[in-house]
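Beneath this line is the structure, given in structure tokens, with notes to follow.
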Amino acid sequence: DTPVWVMATAGFAVAIGVITFGGRVINTIGKEISPNIDFHRGWCIEFSTTITVVIATILKYPVSTTHCKVGAVVFLGAYVSRGKEVDWKLFGKIILTWVLTLPMAMVIAMLGFVIVRPIIKG
């Protein structure tokens, strides 16, 4: 079982991220990647994201709802406009960021472990 303090610390970190960068992420996904999202497209994006996450959960695959949503926005925008309304340069930057965050997170986790472990072990 995961200690409560670990879950609370992780939850606090997520909350800080949402408070500080949530608006920027929402603006990027909702207005900049594919600018013509109306309520019909929004419904399709939310529905496809939900179905994808549910299926992945049943199959026990870890997925990111944000990644699913970005994929839905990009490919729905590409389908509807034949690729003309999607900011492909921005999408490329997002993909690069996804790729780079894995090794960055590994290094940060390792450094955190190296620093915190002696403090906890005493």
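The values are calculated or read from the model by the stated rules, or taken from the named source; none is laboratory data. Fair warning: this is a prediction, and the values are worked out from it, not measured in the lab. With ideal geometry, Cβ positions are generated from the backbone for all residues, glycine too; neighbour counts draw on all protein chains shown. Side chains included, ligands, DNA and RNA excluded: accessible areas come from the protein's heavy atoms. Shrake-Rupley method; radii C 1.70, N 1.55, O 1.52, S 1.80 Å.
Applying Stokes-Einstein at 4 °C and 1.567 mPa s to the Kirkwood radius of region 1-49, computed over alpha-carbon pairs, gives a translational diffusion coefficient of 99 µm² s⁻¹.
Identify the residues of region 68-102 with backbone N under 18 Å of a label point that sits 7 angstrom from the Cα of residue 36 along the Cα-to-Cβ direction, or state none. Answer for region 68-102: 72-89.
With a 1.4 Å probe rolled over the protein heavy atoms of all chains, the accessible area of 44, 68 falls in the order 44, 68, largest first. Starting from the Cα gyration tensor of region 27-69, take the square roots of the eigenvalues, sort them a ≥ b ≥ c, and report rounded, prolate or oblate (rounded when a/c is under 1.5, otherwise prolate if a/b is larger than b/c, else oblate). Since a/c reaches 1.5 but b/c is at least a/b, the shape of region 27-69 is classed as oblate. Enclosing the Cα atoms of the chain in their convex hull gives a volume equal to 140 cubic angstrom per residue. With a 1.4 Å probe rolled over the protein heavy atoms of all chains, the accessible area of 41, 82, 24 falls in the order 82, 24, 41, largest first. Across the options 97, 30, 54, the greatest Cα extent toward the positive end of the charge dipole of the chain (unit charges at beta carbon of Lys, Arg, Asp, Glu) belongs to 97. In this rough spin-label picture, where each label sits 7 Å from Cα along the Cβ direction, the residue 44-residue 109 distance is 3.6 nm. Within the chain, what whole-number % of the accessible surface is contributed by carbon and sulfur, with the 1.4 Å probe and all protein chains included in the calculation? Roughly 73 percent, rounded to a whole number.
In the context of the full set of protein chains, the chain has a per residue accessible area of 77 Å² (1.4 Å probe).
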